[in-house]
Structures are given as structure tokens and as C-alpha cells.
Amino acid sequence: MTNSDSFLDRILLTRRHMLGAMAVAAASTALPVNLFAQAAAAASNNATAQAIADHFSSVASMQGEFVQFGPRGEQTGGKFFIQRPGKLRFNYDDPSPIRVIADGKNVAIGNMKLKTWDLYPLSKTPLSLLLAQRIDLSAGSVKSVKQESDLTTIALGNNTVFGNSTITMMFDPKTYDLRQWTITDNQGKDTSVMVFNVKTGMQFDDKVFRVPYEVIPGTAAYRD
């Protein structure tokens with residue numbers, strides 16, 4: 001190798017080092033910008049989601065019709081009633097014998113044909129997020145927020161309370177009205193409820209959300 005060759009090699013090596021350093025500098029400059037953009041987008045999504053959640057929470061009562069799609073593709077429908085905090089009722093259309101009632105303490109699922117009831121603490125189900133007095137998205141329950149032209153989707157959950165169960169709510173991005181919710185259970189099975197013909201500001205009789213504890217064994221502590 002001649003001296004000229006050695007000199008040329010040093011020039012090329014130095015140039016490669018300079019190009020590498022420039023690439024690293026460019027990447028290090030772009031990284032904070034990208035992170036800032038992502039953080040800004042996330043903050044915007046969260047602000048929009050909270051505005052929607054606040055609007056939905058301000059609706060003290062509502063009723064309407066629903067269509068439910070089960071995890072095996074089964075489809076049922078009926079009428080629903082909601083009153084904050086914590087109260088809900090689903091009356092399924094015939095021939096389904098099912099009733100679902102939440103009275104602020106528990107969720108009761110009844111089979112009117114078999115005259116059986118299953119009882120679950122409301123606080124241990126994702127329905128408690130849907131029926132809360134105020135849906136506070138700053139409490140660490142937000143799994144994701146997705147904004148599209150026709151829907152804003154907010155997924156909520158709490159691994160400590162609900163395990164892997166989540167509730168995903170879909171809202172109209174212009175009116176903030178609730179369109180659908182999906183509950184995903186611990187086995188990953190989805191049950192979706194689409195609502196329509198919704199009316200708000202209704203007054204309901206207390207018996208609408210009354211759980212018949214007197215016919216459910218082991219529920220004496222909940223009876224009036």
C-alpha cells in the first residue's frame with residue numbers, strides 16, 4: 001500500500017464517521033419531535049374523549065331500543081332503561097326470557113321461564129363504568145381512544161377490578177351521543193349492544209330497577 005493509498009483510506013474513513021455522526025444527530029433531533037407529536041396527539045384524543053364522556057355522564061336517564069350481538073353471533077333485541085348512577089334494565093323481546101337489572105349495587109340476570117337469577121356485584125363489572133355518575137378518564141381506566149370521521153371509540157377497563165374484561169363505547173363525534181358498547185369478558189368474548197330511538201331525561205318508577213331479592217337465595221342482606 002502506498003502513502004497515497006493510506007491517505008485516501010483515512011479520508012474515506014473520516015468521511016464515513018462524519019456521515020454516521022450526521023445520521024445519529026438527525027435521528028436524535030427527529031426523535032423528540034416525533035415523541036412530542038405523539039404526545040400532542042394523545043393529549044388531543046384524551047381531551048376529546050373526556051369531553052364526550054362528560055356529555056354522556058350529564059345524561060341522567062335514557063331509554064330506547066337495542067340490538068344485541070352475542071359472542072356466537074346470536075342476535076336479540078328489546079328495550080333498555082338507564083338511570084345514573086348505577087341503574088339499568090334490559091327487557092328482551094320474546095321469545096327470549098332474559099331480564100337484566102342493575103339497581104346500583106348488583107347486576108341481576110334472570111331467566112323468566114326457568115325462574116332463576118344470577119347475581120353479580122356491579123362494582124366488579126365493566127357496566128359500572130358505563131353507569132357511573134361521572135366517567136373520569138383521568139383515573140387510569142382508559143385503554144385506548146380512536147377518532148374516526150363517523151365514530152369516536154373509547155375503551156375502558158381496570159385490570160385490578162375487572163381482570164381482562166373491558167367495555168368499549170362508541171359515540172357520534174358530532175353529537176357525542178352513544179351509539180354502541182361492547183363488553184369483552186375475561187375469555188376475550190364480545191357482546192355488543194347497539195342502541196337507537198333513544199330518549200333522554202326520562203323519569204322512571206323505582207320498580208323499573210328493582211331486583212327481586214326475595215326470590216334469590218342468599219340475598220337477605222340486600223332486601224329492603
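The values are calculated or read from the model by the stated rules, or taken from the named source; none is laboratory data. Just so we're clear, the structure is a prediction, and the values are computed from it rather than from any experiment. Here Cβ is always computed from backbone atoms with ideal geometry, including for glycine, and neighbour counts include all displayed protein chains.
Within segment 88-139, how many residues are acidic (Asp, Glu) and modelled with pLDDT under 90? Steps first, answer last, please.
As a first pass, look at segment 88-139 and keep what is acidic (Asp, Glu): 93-94, 103, 118, 136.
Those left that are additionally modelled with pLDDT under 90: 136.
So the count comes out to 1.
What is the one condition in (1) within 13 Å of the chain's Cα centre (by Cα); (2) over 24 Å from ALA60 (Cβ atoms) that PHE171 does not satisfy?
(2)
How many residues are surrounded by 13 or more Cβ atoms within 10 Å (Cβ to Cβ) and more than 12 Å from the chain's Cα centre (by Cα) if we restrict to segment 174-184? Break it down into steps so the answer makes sense when it comes.
As a first pass, look at segment 174-184 and keep what is surrounded by 13 or more Cβ atoms within 10 Å (Cβ to Cβ): 176-184.
In the following step, the residues that additionally are more than 12 Å from the chain's Cα centre (by Cα) were identified as 176-177, 179.
Qualifying residue count for the region: 3.
Please enumerate the residues belonging to segment 132-150 that are closer than 24 Å to ALA60 by Cβ and either of a type in the set (A, V, I, L, M) or assigned to a strand (DSSP E or B) (or both). Step through it out loud before you land on a result.
We begin by selecting, within segment 132-150, every residue closer than 24 Å to ALA60 by Cβ; these are 132-139, 141-142.
Correct list: ALA132, ILE135, LEU137, ALA139, VAL142.
Of the numbered conditions (1) closer than 21 Å to GLN203 by Cβ; (2) under 14 Å from the mean Cα position of the chain (by Cα), LEU137 satisfies every one except a single condition; which is it?
The failed condition is (1).
Does MET194 satisfy the condition of being buried (at least 18 other Cβ atoms within 10 Å of the Cβ) and not β-branched (Val, Ile, Thr)? Break it down stepwise before answering.
On the way: buried (at least 18 other Cβ atoms within 10 Å of the Cβ): no; not β-branched (Val, Ile, Thr): yes.
In short, no.
Read through the list (1) within 19 Å of PHE196 (Cα to Cα); (2) outside any helix (DSSP H, G or I), then give the number of the only condition that HIS55 fails.
Only one criterion is unmet by HIS55, namely (2).
When GLY201 is evaluated against the numbered criteria (1) closer than 20 Å to VAL100 by Cα; (2) modelled with pLDDT of 90 or more; (3) surrounded by fewer than 16 Cβ atoms within 10 Å (Cβ to Cβ), which criterion, by number, is the only one it fails?
(1)
Limited to segment 198-224, what total is found for residues that are assigned to a helix (DSSP H, G or I), within 18 Å of LEU88 (Cβ to Cβ) and more than 26 Å from the chain's Cα centre (by Cα)?
Pass one, segment 198-224, residues assigned to a helix (DSSP H, G or I): 206-209, 213-215, 220-222.
Then drop every residue that is not within 18 Å of LEU88 (Cβ to Cβ), which leaves 206-209, 213, 222.
Restricting the remaining residues to those that are more than 26 Å from the chain's Cα centre (by Cα) gives 206-207, 213, 222.
Count: 4.
Under the condition of being within 20 Å of LEU178 (Cβ to Cβ) and part of a loop (DSSP other than H, G, I, E, B), which residue from segment 80-106 is farthest from the chain's Cα centre (by Cα)? Can you show your working first?
Filtering segment 80-106 down to residues within 20 Å of LEU178 (Cβ to Cβ) leaves 80-92, 100-102, 104.
Retained after the next criterion (residues that are part of a loop (DSSP other than H, G, I, E, B)): 84-86, 104.
Numbers: ARG84: 17, PRO85: 17, GLY86: 16, GLY104: 19 Å.
The residue in question is GLY104.
Does VAL195 satisfy the condition of being at pLDDT 95 or above, at negative phi, in contact with a Phe, Trp or Tyr (Cβ under 9 Å, 6 or more places away or on another chain) and outside any loop (DSSP other than H, G, I, E, B)?
In short, yes.
With the condition kept exactly as written, say whether any residue in segment 179-191 is under 21 Å from ARG84 (Cα atoms), touching a residue at least 40 places away in the same chain (Cβ under 8 Å), polar (S, T, N, Q) and assigned to a strand (DSSP E or B). Full working, then the answer.
The initial filter retains those residues of segment 179-191 that are under 21 Å from ARG84 (Cα atoms), namely 179-183.
Subsequent filtering for residues that are touching a residue at least 40 places away in the same chain (Cβ under 8 Å) retains 181, 183.
Filter again for polar (S, T, N, Q), leaving none.
Checked segment 179-191: no residue is under 21 Å from ARG84 (Cα atoms), touching a residue at least 40 places away in the same chain (Cβ under 8 Å), polar (S, T, N, Q) and assigned to a strand (DSSP E or B).
Do we find a residue being surrounded by 14 or more Cβ atoms within 10 Å (Cβ to Cβ), closer than 21 Å to ASP205 by Cβ and in contact (Cβ under 8 Å) with a residue 40 or more places away in the chain anywhere in segment 152-164? First the steps, then the outcome.
Looking only at segment 152-164, we keep the residues that are surrounded by 14 or more Cβ atoms within 10 Å (Cβ to Cβ), and these are 152-158, 161-162.
Then keep just the ones that are closer than 21 Å to ASP205 by Cβ; that gives none.
No, segment 152-164 contains no residue that is surrounded by 14 or more Cβ atoms within 10 Å (Cβ to Cβ), closer than 21 Å to ASP205 by Cβ and in contact (Cβ under 8 Å) with a residue 40 or more places away in the chain.
Can we say LEU129 is touching a strand residue (DSSP E or B) at 6+ places or on another chain (Cβ under 8 Å) and part of a helix (DSSP H, G or I)? Please lay out each step first, then the result.
Numbers: touching a strand residue (DSSP E or B) at 6+ places or on another chain (Cβ under 8 Å): yes; part of a helix (DSSP H, G or I): yes.
Yes: the conditions hold for LEU129.
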